[in-house]
1. Given the criteria part of a loop (DSSP other than H, G, I, E, B), at pLDDT 90 or above and in contact with a helix residue (DSSP H, G or I) (Cβ under 9 Å, 6 or more places away or on another chain), does residue 22 qualify?
2. Of everything in the stretch 53-62, what is more than 12 Å from residue 17 (Cβ to Cβ) and touching a strand residue (DSSP E or B) at 6+ places or on another chain (Cβ under 8 Å)? Give them in sequence order.
3. Tell me which of these residue 119 doesn't satisfy, since it passes every other one: (1) at pLDDT 85 or above; (2) part of a loop (DSSP other than H, G, I, E, B).
4. Quick test of your reading of the structure: residue 27 fulfils all but one of (1) in a loop (DSSP other than H, G, I, E, B); (2) in contact (Cβ under 8 Å) with a residue 12 or more places away in the chain. Name the failing condition by number.
5. Only one of (1) surrounded by 18 or more Cβ atoms within 10 Å (Cβ to Cβ); (2) in contact with a strand residue (DSSP E or B) (Cβ under 8 Å, 6 or more places away or on another chain); (3) over 30 Å from residue 216 (Cα atoms) is not met by residue 40, so which one is it?
6. For residue 175, which of the numbered conditions (1) buried (at least 19 other Cβ atoms within 10 Å of the Cβ); (2) at pLDDT 90 or above fails to hold?
């Protein structure tokens, strides 16, 4: 039997997106602050944070992350932009931007980009990120020239870590140059800023810079930026999800058997934690009996040629195991103490791979 994902009677998916508890889309299906909205009038259905516009494209229980889609903030040259980034997150909610997974990025010409904390714990306009994107002579910034667009290090593009993961920020863009004259070699272009998943941006930065130089308005209007959120539980407010267990080193575990408490949440805030299944188990640690062991099927035979005949059967079992979505492959290999006249095929139920040893 597959491990439970959501509370009994609650939707487990919105379109192709799995919704694990503590998240949910109906009253009684989620914990406070973990409510999502599934718009089934859209094709495919759209899952969003609360009632906001930030579309959810993935949720990971082991990583404690939520992937959302966001947009760029932009302004034309010679203007100042004061905008905000919030994705509809509540100031006192369990979700916040992930500082460890994202970068603050600005693209443009002679542009200074500031990221300010927009949080009650900080003083007004507390700057927590800043970078500058400068210009060079136009002939050095032709579309297709990878010499200046292969990195985002201050020429036409800049990036900086997000110092603190918060629910919202204020973004300010300022023009560093004077109004260009007719003889000025510096072009008048748009400036844009966004917060993006670091891995995604690393793979897209060359194309983004090249296209932004050629047609900044098109890039701003058409680019969907993936951004990563993190969540945590309050061990006092959510105490019903934690139980005492003297058999574990922390003397506490999450509500599911074979689960552990992860306290190294972003910011190391005292009293905040997440849950994971123990090593060798998988599922949802926020549900009773949510963490279940991986099932391993093993067949031992006397001849290697028979082992080869088992591969189609192993693949058939793998198709059943495919119900476990997004799982890593785990392969068990026989000890070298087995004699060479024996062979074995092992298949982990959460992967579609088999390995033979003889």
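The values are calculated or read from the model by the stated rules, or taken from the named source; none is laboratory data. Computed from a predicted structure; not experimentally measured. In this analysis, Cβ positions are derived from the backbone assuming ideal geometry, glycine residues included, and neighbour counts consider all displayed protein chains.
1. Details: part of a loop (DSSP other than H, G, I, E, B): yes; at pLDDT 90 or above: yes; in contact with a helix residue (DSSP H, G or I) (Cβ under 9 Å, 6 or more places away or on another chain): yes.
Considered against the rule, which asks whether it is part of a loop (DSSP other than H, G, I, E, B), at pLDDT 90 or above and in contact with a helix residue (DSSP H, G or I) (Cβ under 9 Å, 6 or more places away or on another chain), residue 22 comes out as yes.
2. To start, the set of residues in the stretch 53-62 that are more than 12 Å from residue 17 (Cβ to Cβ) comprises 53-54, 61-62.
Correct list: 54, 61, 62.
3. Here residue 119 meets the rest and fails (1).
4. Result: residue 27 fails condition (2) only.
5. For residue 40, the exception is condition (1).
6. Against the list (1) buried (at least 19 other Cβ atoms within 10 Å of the Cβ); (2) at pLDDT 90 or above, residue 175 comes up short only on (2).
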